[in-house]
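Visitor: Next up is a structure, given as structure tokens.
The values are calculated or read from the model by the stated rules, or taken from the named source; none is laboratory data. Only a predicted model underlies this, so the values are computations on that prediction, with no experimental measurement involved. With ideal geometry, Cβ positions are generated from the backbone for all residues, glycine too; neighbour counts draw on all protein chains shown. Surface accessibility is based on the protein's heavy atoms, side chains included, excluding ligands, DNA and RNA. Shrake-Rupley method; radii C 1.70, N 1.55, O 1.52, S 1.80 Å.
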Amino acid sequence: MATIFDVAKEAGVSKSTVSRVVNNDECVKKETRDAVNAAIKKLNYSPSFMAQAIRTRKTHTIAFMIPEYSNIYYAEMFRGVEDIALEHGYMVLVCNTQRHALSEVEYVQELLKRSIDGIIYNTYRINDEMAEYLRLVEQKIPVVYTNKPILKDRNVPHVYTDGLPGTQNAVRYLHKKGKRKIGYVLDSEEINVITERFYGYLQGLEECGLPRNEDWIYRIHRGNEPNYIDQGRDAAKYYVSLHDRPDAILTAIDMLGIGCVRGFHEAGIKMPEEMSVIGFDNIFLSSLIEPPLTTIGQPIREMGQAAAKMLISMVEGKECRKSVIFQGDLIIRGTA
């Protein structure tokens with residue numbers, strides 16, 4: 001197995017120069033870098049990240065913390081994170097906290113013990129105690145949040161999609177299509193981004209002069225491992241049972257929308273003639289169901305890439321944007 005000394009000898013440089021090339025030191029001349037990389041390729045040299053960690057105090061490992069595995073959205077975002085991480089020589093640890101603040105604290109403590117370089121933090125809510133804990137963590141390692149800033153007393157690095165205007169626009173679209181009784185399948189109101197989407201729905205109703213009927217707002221009940229498709233199906237059954245039911249619904253996330261489509265189909269409700277359904281996210285499954293789900297799309301993989309670029313730049317002490325906000329686009333398919 002080739003060593004760093006073998007690479008240095010082959011390239012005709014010092015060991016420290018090889019180390020600088022491996023660590024992406026931009027001060028190394030191009031011809032020197034090319035010679036070292038050629039030697040690395042020829043000798044099939046693989047640097048010891050353990051040795052690098054001891055020397056640089058960097059492990060080239062970042063954490064991607066998510067609140068649950070059941071939402072495909074996080075799997076798609078992870079692909080974007082990994083795109084950038086692998087490109088820059090970083091590995092990604094995926095940590096499922098199951099939406100408990102205690103689990104999040106425990107996970108972060110274990111990550112700090114392992115000298116993690118930074119964290120991409122997906123969260124639904126942060127209480128005051130967790131906010132204070134994260135403040136202390138940020139003094140040790142960079143943290144990027146994939147949510148609207150929820151720590152209002154300070155400007156934290158963040159990447160998210162603004163769901164309010166996108167949802168408001170979806171209500172306008174339904175109104176133009178002749179829909180007058182629009183409902184909403186609401187995920188937990190404690191979730192910051194979900195609350196913004198719900199506000200967009202309410203503002204859309206007000207703008208279009210449409211009624212807000214509490215019977216048309218279905219609130220799902222979360223468990224530790226929610227089954228969103230089944231919960232969406234239950235929502236559809238609820239709407240079918242109403243004497244005065246809506247003629248269109250929006251859902252907080254696509255997986256709820258997919259469940260609704262399934263439930264309406266089983267009940268013999270024609271979409272979009274009798275019932276329109278619009279989701280939010282544009283996960284890959286939304287285009288595979290029948291009829292395919294109309295949705296408010298957010299660039300999930302691109303969001304993961306943006307978060308990873310931001311975090312790695314912070315880890316490496318480089319200048320970067322600390323705020324990336326995307327807009328949701330209405331994607332018309334078969335359910336609306």
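Visitor: Give me the net charge of Ala8's neighbourhood, meaning all other residues with Cβ under 14 Å from the Cβ of Ala8; Lys, Arg count +1, Asp, Glu -1.
Guide: Residues near Ala8 contribute +3 overall.
Visitor: Of all accessible surface on the chain at a 1.4 Å probe, what whole percent is carbon and sulfur?
Guide: Carbon-and-sulfur percentage of accessible area, whole number: 50.
Visitor: Can you work out ³J(HN,Hα) from phi for every residue in region 299-315, in order, using Karplus 6.51 cos²θ - 1.76 cosθ + 1.60 and θ = phi - 60°, giving whole Hz and x for Gly and Pro?
Guide: Those phi angles translate into x, 4, 5, 5, 5, x, 4, 5, 5, 5, 4, 4, 5, 5, 4, 5, 4 Hz.
Visitor: Here is a further query. Set the Förster distance to 25 Å, then compute FRET efficiency between Leu93 and Ala131 from the Cβ-Cβ distance, nearest 0.05.
Guide: Step by step, r from the Cβ atoms, then E = 0.65.
Visitor: Could I ask something else about it? Write down the radius of gyration of the chain and its Dmax, each obtained from C-alpha positions, in Å.
Guide: 24.1, 83
Visitor: Gain in length, Glu290 to Glu266, computed as 0.36 nm per residue apart minus the alpha-carbon separation, to one decimal in nm?
Guide: Extending this stretch completely gives an extra 7.5 nm.
Visitor: Less than 20 Å apart at the alpha-carbon level, and either on another chain or at least 8 residues along: which aspartates and glutamates does that give for Lys176?
Guide: The reachable aspartates and glutamates, counting only those whose Cα sits under 20 Å from Lys176, are Glu206, Glu207, Asp247, Glu273, Glu274, Asp329.
Visitor: Starting from the amide H of Gly297, placed 1.01 Å from N in the peptide plane, find each other amide H under 5 Å away whose residue is 5 or more places distant or on another chain.
Guide: Placed amide hydrogens put Asp281, Asp329, Leu330, Ile331 under 5 Å from Gly297.
Visitor: Around Asn282, what is the net charge, scoring Lys/Arg as +1 and Asp/Glu as -1 over all other residues with Cβ under 12 Å from its Cβ?
Guide: Around Asn282, the surrounding residues sum to -3.
Visitor: In nm, what is the difference between 0.36 nm times the number of residues separating Cys208 and Glu274 and their Cα-Cα distance?
Guide: My answer for the length gained is 21.7 nm.
Visitor: Next question. Would you mind computing, in nm to one decimal, how far apart the modelled labels at Asp25 and Asn155 are, each placed 7 Å from Cα along Cα→Cβ?
Guide: Label at Asp25, label at Asn155, 3.4 nm between them.
Visitor: What is the distance, in nm, between label points placed 7 Å from the Cα along the Cα-to-Cβ direction at Ala2 and at Leu112?
Guide: So the two model labels end up 4.0 nm from each other.
Visitor: Now for a separate question. First check a/c for region 60-100, with a ≥ b ≥ c the square roots of the eigenvalues of its C-alpha gyration tensor; if it is under 1.5, answer rounded, and if not, answer prolate when a/b is larger than b/c or oblate otherwise.
Guide: Taking the square roots of the gyration eigenvalues as a ≥ b ≥ c, region 60-100 is oblate.
Visitor: For Arg219, what residues show an amide H to amide H distance below 5 Å, using hydrogens built from the backbone and excluding near sequence neighbours?
Guide: Counting only residues 5 or more places away or on other chains, the set is Leu186.
Visitor: Long-range amide H contacts for Arg180: which residues qualify at under 5 Å (H placed 1.01 Å from N, peptide plane, sequence gap of 5 or more or a different chain)?
Guide: Residues meeting the amide H criterion: Asp247.
Visitor: Something else now. What number do you get for region 192-332 when its Cα radius of gyration is normalised by 2.2 N^0.38 Å, N = residues?
Guide: Here the answer is 1.22, to two decimals.
Visitor: Using the Kirkwood radius built from alpha carbon pairs, what does the Stokes-Einstein equation give as D for region 155-231 at 25 °C and 0.890 mPa s, in µm² per second?
Guide: The calculation lands on 180 µm²/s.
Visitor: Here's another thing I want to ask about it. By its C-alpha gyration tensor, with a ≥ b ≥ c as the square roots of the eigenvalues, how is region 191-268 shaped: rounded for a/c under 1.5, else prolate for a/b larger than b/c, else oblate?
Guide: Oblate, because a/c is 1.5 or more while a/b does not exceed b/c.
Visitor: Just to be sure I understand the model, the point goes 7 Å from the Cα along the line to the Cβ. What's the resulting Lys318 to Asp244 distance in nm?
Guide: Placing both labels 7 Å beyond Cα along the Cβ direction yields 5.9 nm.
Visitor: Shifting gears a bit: Roughly how far apart, in whole Å, are the Cα centres of region 273-287 and region 157-192?
Guide: That distance is 12 Å.
Visitor: Same structure again: Can you list the lysines whose alpha carbon is less than 16 Å from that of Lys140, not counting same-chain residues fewer than 8 positions off?
Guide: Lys58, Lys113
Visitor: Something else: Of all DSSP beta bridges located in the chain, what percent are antiparallel, nearest 5?
Guide: Close to 10 percent.
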